Structures are given as structure tokens and as C-alpha cells.
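Quick note: the coordinates plus some simple rules give every number you see, no bench work behind them. All values derive from a computational prediction rather than experimental measurement. As a convention, Cβ positions derive from the backbone with ideal geometry for all residues, glycine included, and neighbour counts pool all protein chains shown.
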Amino acid sequence: MDSLSQTFSALADPTRRAILARLATGAATVGELAEPFDMSLPAVSRHLKVLTEAGLIERSTEAQWRRCTLRGEGMREAADWIEFYRRFWEQQFDRLDAFLARTAPKPAKEKPRGRRS
């Protein structure tokens, strides 16, 4: 699977997005990341493995603790892809606006009202 597909696949899961949101506030241990979820530690570890393989997080070992941190550059390819299409659609909408402005019917001029004597 190419890296962009891997990133979007990793982001498709709400648990993994929640983990990324938590890591956006700072590094955390696997146990800290697992706390809010009603799932086993091995299940959380599988989610972390997917995020690691997608390049979205980094895991390190400090003594007996396994610490996870967010890797901002892991999102770069996905952000660039989204930005390309955002600009594309913005240009298309600008062209549509210009077309509609050129082809819109002109408002009818008011007929001058005659004076009553």
C-alpha cells in the first residue's frame, strides 16, 4: 500500500483519530493512551502499530515505559494532497462565479412614470 493510502487508512478509524488528538497535547505512554478506551491494551497497541507504520506517531522506550509522540511530518503528504484539491475546487468555484456573473440576466430597467395632472 502506498504511503498516502496508508495514512488515510490509519485516519479512517475514530479510535486512531482520538489517539492522535490526545498526542497533539503532548507525548503519552501506551497506558495513558489506553485509559479512555474500553478495549484491551493489546488492542490499543495494534492501533498504535498502524499509526506508527503510517508515519503518524513515533514510539520510544524509556526504562519500562513505552512513550508515543506525534510526528507532524507524517501528515504532510496527506495535507499536501488535500491542499491540492482544495485549491482545485476553489478555482472551479471562482470560474463558476465568473460565468454566472457574465450570463446572469440584466435587471429590467424601471419604466419612467408619467406625471399625472
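The dipole here belongs to the range 3-74: it is taken about the Cα centre, uses +1 on the Cβ of Lys and Arg and -1 on the Cβ of Asp and Glu, and is about 80 debye.
Per-residue ellipticity at 222 nm computed for the chain from its helices equals -17500 deg cm²/dmol, with DSSP H segments shorter than 4 residues left out and the rest contributing -39,500 (n - 2.57). Rg of the Cα atoms in the chain, relative to 2.2 N^0.38 Å, amounts to 1.97. Net charge of the neighbourhood of residue 86, taken over other residues with C-beta under 13 Å away and scored Lys/Arg +1, Asp/Glu -1, is -3.
In the chain, which longest range has no trypsin sites (Lys or Arg not before Pro) that are both DSSP loop (not H, G, I, E or B) and surrounded by at most 14 other Cβ atoms within 10 Å? The reported range is 1-108. Counted residue by residue at 0.36 nm each, then reduced by the alpha carbon distance between them, the extension gain from residue 95 to residue 113 reaches 2.5 nm.
Near residue 23: Cβ cut-off under 12 Å, other residues only, Lys/Arg at +1 and Asp/Glu at -1. The net charge is +4.
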